Amino acid sequence: MSTLPANASSTASPLRRRNFASDNGSGVCPEVWEAMRAADAAGHCPGYGNDEWTRRASDLIRATFEQPQADVYFVFTGTAANSLALSSLCQSYHAIVCHELAHVETDECGAPEFFSNGSKIITCPGDQGKLQPATVEQLVVRRTDIHFPRPRVLSLTQTSELGTVYAPAEVAALSAVAKRHGMRVHMDGARFANAVASLGCAPAEVTWRAGVDVLSFGGTKNGMAVGDAVVFFDRALGEEFAYRCKQAGQLASKMRYLSAPWLASLNDDVWLRRAGHANAMARRLATGLGQVEGVSLPLPTQGNVVFANLPAARLAHLAGRGWRFYTFIGVVGAARFVCSWDTTEQDVDDLLADVASATAN
C-alpha cells in the first residue's frame, strides 16, 4: 500500500524518518514492555484467560469505566474487535448504520458482514467525519418494509476517521435516535484514548452513560504491541461472545501477553498521558503547517491526526526526503499525518522544516 503521491518514488531517499503514516508504525511503550516481561517472568500459568493478569486487567477496565458489571474480552486486532462485536448485535437480516468513512465500511475487508453472516452496512454522510442525529434518523425511517434489512446497530468511530472527536452530548444525541428505533450502539474506539485525552472527560461519560452498549477499545495505536479489548457495558449482550472469539481464532492460549499490557497502560493513567502527548504533537504540527505559505488545513486537529492540503510537488519532496504519510484517506487531495505516543518535538520540527524547504523550491 503506497504512502506516496503518484509522482514520487518509494526509493527516492535512503533517509530514515519517523513514520507519520499511522500510529501503527510506533513502537511499544516502556510500561507495556515491562508488564509483558513481568508476566513472562512468572513462568507457567493457566491459559485461555484463566490467569491473574487477565482477571486483574478486566477488573481494571471495569473500574476505568465505572461499570462493575461490564464484560471484557481481549482480541488480537481492531478488525476482530469491531467485527465480532458487531456480529454479536446483529442477525443476518439486520443492517449496521455508520459514517461513510467509518473503518468498518472502508477498511475491514468485509469482516463485519462476514462474521455477522451477511448483515448489511448502510452509510451516512456527515461533516468532519461525524454522524448527525437528523441524518441517521432519516436513513433509519426511509425503509421499514420487509424487503429491506432492518437497521439494528449504530456504529460510531471515536476518534473519527478525519481526526475529529464526538463530545458526550453528541454521542448521547445519536444514541437517543438509535434507541428510539430499537438499535444498539457500538463504538469503534481504535483511537479512543486520544478522544478521551482531548475531551478531558471520564471514559464513562462518552460511552455507556451516553448510550454506548459495546466499545472496541484500542490499545495497539497507543503504545501496545498488539491487542484490543471488547467491552460490553450490558453484560447480557456478551453472553456468548467467548464462543465467537474462539471460532474466529481470537482466543489467545497465552492470554496474559494480551491482557498484562492493559494493567500497565491503565494504571496511573499511562494510556491518557501517552495519548495526550500524541495529541499535543499533532497540535504542534498543525500550528506549524498553518504558518507555511501555500499550506491549508481542511479540518480541525482534535486528536492525533492532522490533514493538510499541499501541492503534489511538495508532497513528492517530502517523500523524497524519506517521510511517510498517506494521501488516500479521508479528504480528497489532502495528506494525512498521524502523531504517536513516541513522536517527539524534534520529529515534528524536522518535518515542518522540510515542508518549508519544499515551499521554497
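The values are calculated or read from the model by the stated rules, or taken from the named source; none is laboratory data. In this text the structure is predicted, and so the values were computed from the model without any measurement. No Cβ is skipped: glycine too gets one built from the backbone with ideal geometry, and neighbour counts run over all protein chains shown. Areas reflect the complete protein model, heavy atoms only, side chains present, ligands, DNA and RNA absent. Shrake-Rupley method; radii C 1.70, N 1.55, O 1.52, S 1.80 Å.
Among the numbered criteria (1) assigned to a helix (DSSP H, G or I); (2) without any contact (Cβ under 8 Å) to a residue 12 or more places away in the chain, which one does V171 miss?
Failing condition for V171: (2).
Out of all the residues in the range 307-317, which are open to solvent by less than 20 Å² (accessible area, probe 1.4 Å) and either without any contact (Cβ under 8 Å) to a residue 24 or more places away in the chain or over 24 Å from N222 (Cα atoms) (or both)?
Across the range 307-317, the qualifying residues are L310, L315.
May I ask you to list the residues in the range 258-267 that are modelled with pLDDT of 95 or more and either open to solvent by 60 Å² or more (accessible area, probe 1.4 Å) or over 20 Å from the mean Cα position of the chain (by Cα) (or both)?
A260
Run down G333, G276 and say which single residue is open to solvent by less than 60 Å² (accessible area, probe 1.4 Å) and assigned to a loop (DSSP other than H, G, I, E, B). Show your work before the answer.
On the way: G276 fails: assigned to a loop (DSSP other than H, G, I, E, B).
The conditions single out G333.
Inside the range 61-122, counting only helices (runs of 4 or more DSSP H) that do not spill past its ends, which hold 2 or more residues that are open to solvent by 30 Å² or more (accessible area, probe 1.4 Å) and of a type in the set (F, W, Y)?
Where helices (runs of 4 or more DSSP H) fall fully within the range 61-122 and carry at least 2 residues being open to solvent by 30 Å² or more (accessible area, probe 1.4 Å) and of a type in the set (F, W, Y), they are 111-115.
Results for (1) touching a Pro at 6+ places or on another chain (Cβ under 9 Å); (2) open to solvent by 30 Å² or more (accessible area, probe 1.4 Å); (3) without any contact (Cβ under 8 Å) to a residue 12 or more places away in the chain; (4) within 14 Å of T164 (Cβ to Cβ), shown as yes or no for each residue.
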{"site": "S296", "(1), (2), (3), (4)": "no, yes, no, no"}
{"site": "V305", "(1), (2), (3), (4)": "no, no, no, yes"}
{"site": "A319", "(1), (2), (3), (4)": "yes, no, no, no"}
{"site": "T344", "(1), (2), (3), (4)": "no, yes, no, no"}
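Just the residues that are touching a helix residue (DSSP H, G or I) at 6+ places or on another chain (Cβ under 7 Å) and among the charged types (D, E, K, R), please, taken from the range 325-349.
Matches in the range 325-349: E345 only.
Yes/no matrix, rows are residues, columns are (1) buried (at least 22 other Cβ atoms within 10 Å of the Cβ); (2) of a type in the set (K, R); (3) under 21 Å from L60 (Cα atoms):
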{"site": "P149", "(1), (2), (3)": "no, no, no"}
{"site": "G163", "(1), (2), (3)": "yes, no, no"}
{"site": "L174", "(1), (2), (3)": "yes, no, no"}
{"site": "T220", "(1), (2), (3)": "no, no, yes"}
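Can you name every residue in the range 50-60 that is open to solvent by 50 Å² or more (accessible area, probe 1.4 Å) and part of a loop (DSSP other than H, G, I, E, B)? Before you say what the answer is, go through the steps one by one.
The first filter runs over the range 50-60 and keeps only residues open to solvent by 50 Å² or more (accessible area, probe 1.4 Å), leaving 50, 52, 55-56, 59.
Scanning the range 50-60 gives a single hit, N50.
Based on this model, can you work out whether V185 counts as free of Cβ contacts under 8 Å to residues at least 60 places away in the same chain, in a loop (DSSP other than H, G, I, E, B) and open to solvent by less than 10 Å² (accessible area, probe 1.4 Å)?
No, not satisfied.
In the range 123-147, how many are crowded, with 17+ Cβ neighbours inside 10 Å and either free of Cβ contacts under 8 Å to residues at least 12 places away in the same chain or under 27 Å from A193 (Cβ atoms) (or both)?
Result for the range 123-147: 9.
Scanning for something out of contact with any Pro (no Cβ under 8 Å at 6 or more places or on another chain), part of a helix (DSSP H, G or I) and within 14 Å of D23 (Cβ to Cβ), does the range 222-239 turn up at least one residue?
Within the range 222-239, one or more residues are out of contact with any Pro (no Cβ under 8 Å at 6 or more places or on another chain), part of a helix (DSSP H, G or I) and within 14 Å of D23 (Cβ to Cβ).
Got a sec? Which of D349, D354 is open to solvent by 10 Å² or more (accessible area, probe 1.4 Å), under 25 Å from G27 (Cα atoms), in contact (Cβ under 8 Å) with a residue 40 or more places away in the chain and not in a loop (DSSP other than H, G, I, E, B)?
Values: D354 fails: in contact (Cβ under 8 Å) with a residue 40 or more places away in the chain.
Result: D349 is the single residue among D349, D354 that is open to solvent by 10 Å² or more (accessible area, probe 1.4 Å), under 25 Å from G27 (Cα atoms), in contact (Cβ under 8 Å) with a residue 40 or more places away in the chain and not in a loop (DSSP other than H, G, I, E, B).
Scan the range 55-111 residue by residue and report those that are in contact (Cβ under 8 Å) with a residue 12 or more places away in the chain and at positive phi.
E66, C109, listed by residue number.
Between a residue in the range 255-274 that is closer than 19 Å to A242 by Cα and any residue that is crowded, with 24+ Cβ neighbours inside 10 Å and among the polar types (S, T, N, Q), which pairs come within a Cβ distance under 7 Å, given they are 6 or more apart or on different chains?
Listed by first residue and then by second, the contacts come to M255/T54; R256/T54; S259/T54.
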